[in-house]
Amino acid sequence: MNQMNRAIEILNSGGVVGMPTETVYGLAARIDIPSAVEKIFSTKSRPFFDPLIVHVADTSGLGGLVKDISPLVLALAEHFWPGPLTLVLPKARGVSDLITAGLETVGVRCPAHPIARELIQRVGVPLAAPSANRFGKTSPTTARHVRDEFKDQVFVLDGGACEIGIESTILRVGAESELSILRPGAISIEQISRALEKDFGSLCWVEVTSQFEAPGQMKHHYMPSRPLVVVTQQTSMAELCSALRQQLKNLPEQIEGVQILHPSKIETPLEITLSSDPVLAARELYAKLRDSAKESCDFLWIHWPHQLDDSNWSPIWDRLKKAASLII
Ligand code: TXA
Ligand code: MG
């Protein structure tokens, strides 16, 4: 049986499948089989308060999922789908609380990867899919990463390395068409404003700070299997090690239920370097975190030379600061 047919069979019989997308690999299940959706949570050890994104094959898939499709929502979908934009919208009654974590909204995205689109189309039902990693850990950007993560217990459709490499931009569209970025990604506020300004004039951007509206945006996430230190200043290795020794004393073992790794020694650091092009840096970020963590070293470190408010780099900074045990 070919790989696609096998994936369809597993999904139709209530299983989960590793699905390539252009952002990161997802762990997919049919939204209409509750036990399959539950399997996503148990496979990932993901808490039920963290809602799932529903993946559709095209804009028509929004129909049964959201309450109403305003001209603004339609314009967003037509402009950015298929692609790395998740829309958080008031949900239709039929969407289960398991998927939305009891929220009145649902996150929907149409991925651009041809294998994901064929899979969703042929299953004929939208697929819920979080990133295919254990809760709090680094997201996978190759099929091998997914197999390693779940010790070969999950069947993975191999679609090659992900082109974008970090998760989609999450955009919440409120009842009065107010817009909020819940997670930065490859699609920026500037691109969204530019795409909509002709028909909708200037948009109303609001900041969402409540954990209730943006659950799952914990302080720590994406963590590699060795402690990562992000260094935002020019320091010598001796200064870095000394600052690290000081700050480790106050570092808790856990934050918001996510384990924070501490280096057992501060002797052998391993430096990670990223491309100076933010598109390439995003593409390679998670693979570098995973591969470097396999090397023998006490901790990983990465120098961050960019301004913290540089919008070209903000999606990567968002991931790095959450992946880090410490920022110095
Ligand atoms: O690129 C992506 O978005 C990848 C690929 C697989 O599509 N998916 C992904 O899913 O990153 P996940 O579950 O790892 O991250 C989804 C985030 C979570 O932080 C969750 O809290 C948030 O989306 N989310 C989902 N539905 C939401 C909702 N209704 N309101 C607010 N946040 C929501
Ligand atoms: Mg994730």
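Of all the criteria given as (1) more than 14 Å from ligand 1 (Cβ to nearest atom); (2) part of a strand (DSSP E or B); (3) touching a helix residue (DSSP H, G or I) at 6+ places or on another chain (Cβ under 8 Å), the one not satisfied by E271 is (3).
Against the definition (modelled with pLDDT of 95 or more, in contact with a Cys (Cβ under 7 Å, 6 or more places away or on another chain) and not hydrophobic (A, V, I, L, M, F, W, C)), how does T169 come out, yes or no? In short, no. Residues considered: I115, I99, I120. Of these, the only one that is closer than 25 Å to A214 by Cβ and at pLDDT 95 or above is I99. Among the residues of the stretch 172-190, the ones that are modelled with pLDDT of 95 or more and polar (S, T, N, Q) come to 2 in all.
Of all positions in the stretch 125-148, none carries a residue that is near ligand 1 (Cβ under 10 Å from one of its atoms), assigned to a strand (DSSP E or B) and free of Cβ contacts under 8 Å to residues at least 40 places away in the same chain. With respect to the stated conditions, L289 fails to be within 16 Å of ligand 1 (Cβ to nearest atom), in contact with a Lys or Arg (Cβ under 7 Å, 6 or more places away or on another chain), touching a residue at least 40 places away in the same chain (Cβ under 8 Å) and not in a loop (DSSP other than H, G, I, E, B). Out of the residues in the stretch 132-149 that are over 14 Å from the mean Cα position of the chain (by Cα) and among the basic types (K, R), which is surrounded by the fewest Cβ atoms within 10 Å (Cβ to Cβ)? The selected residue is R144. Applying the criterion of being among the aromatic types (F, W, Y) and more than 16 Å from ligand 2 (Cβ to nearest atom) to the residues of the stretch 202-245, the residue that is farthest from L300 (Cα to Cα) is W205. Any idea which residue in the stretch 1-57 is farthest from ligand 1 (Cβ to nearest atom), counting only those that are of a type in the set (S, T, N, Q) and under 21 Å from the mean Cα position of the chain (by Cα)? The residue in question is S42. With respect to P263, determine if the residue is within 26 Å of A132 (Cβ to Cβ) and surrounded by 13 or more Cβ atoms within 10 Å (Cβ to Cβ). No, not satisfied. All of (1) in contact with a Lys or Arg (Cβ under 9 Å, 6 or more places away or on another chain); (2) surrounded by 11 or more Cβ atoms within 10 Å (Cβ to Cβ) hold for P227 with one exception: (1). The number of residues in the stretch 150-175 being charged (D, E, K, R) and within 19 Å of R283 (Cα to Cα) comes to 3.
In this structure, is A186 touching a residue at least 60 places away in the same chain (Cβ under 8 Å) and within 16 Å of ligand 1 (Cβ to nearest atom)? Yes: the conditions hold for A186. Residues in the stretch 17-68 that are more than 16 Å from ligand 2 (Cβ to nearest atom) and touching a strand residue (DSSP E or B) at 6+ places or on another chain (Cβ under 8 Å): V17, R30, I31, A36, K39, V56, G61, L62, L65, V66, K67, D68. For the stretch 167-179, the condition holds for no residue, the condition being that it is more than 14 Å from ligand 2 (Cβ to nearest atom), touching a residue at least 12 places away in the same chain (Cβ under 8 Å), closer than 23 Å to P278 by Cα and assigned to a helix (DSSP H, G or I).
The values are calculated or read from the model by the stated rules, or taken from the named source; none is laboratory data. These numbers come from a predicted model, not from an experiment. No Cβ is skipped: glycine too gets one built from the backbone with ideal geometry, and neighbour counts run over all protein chains shown.
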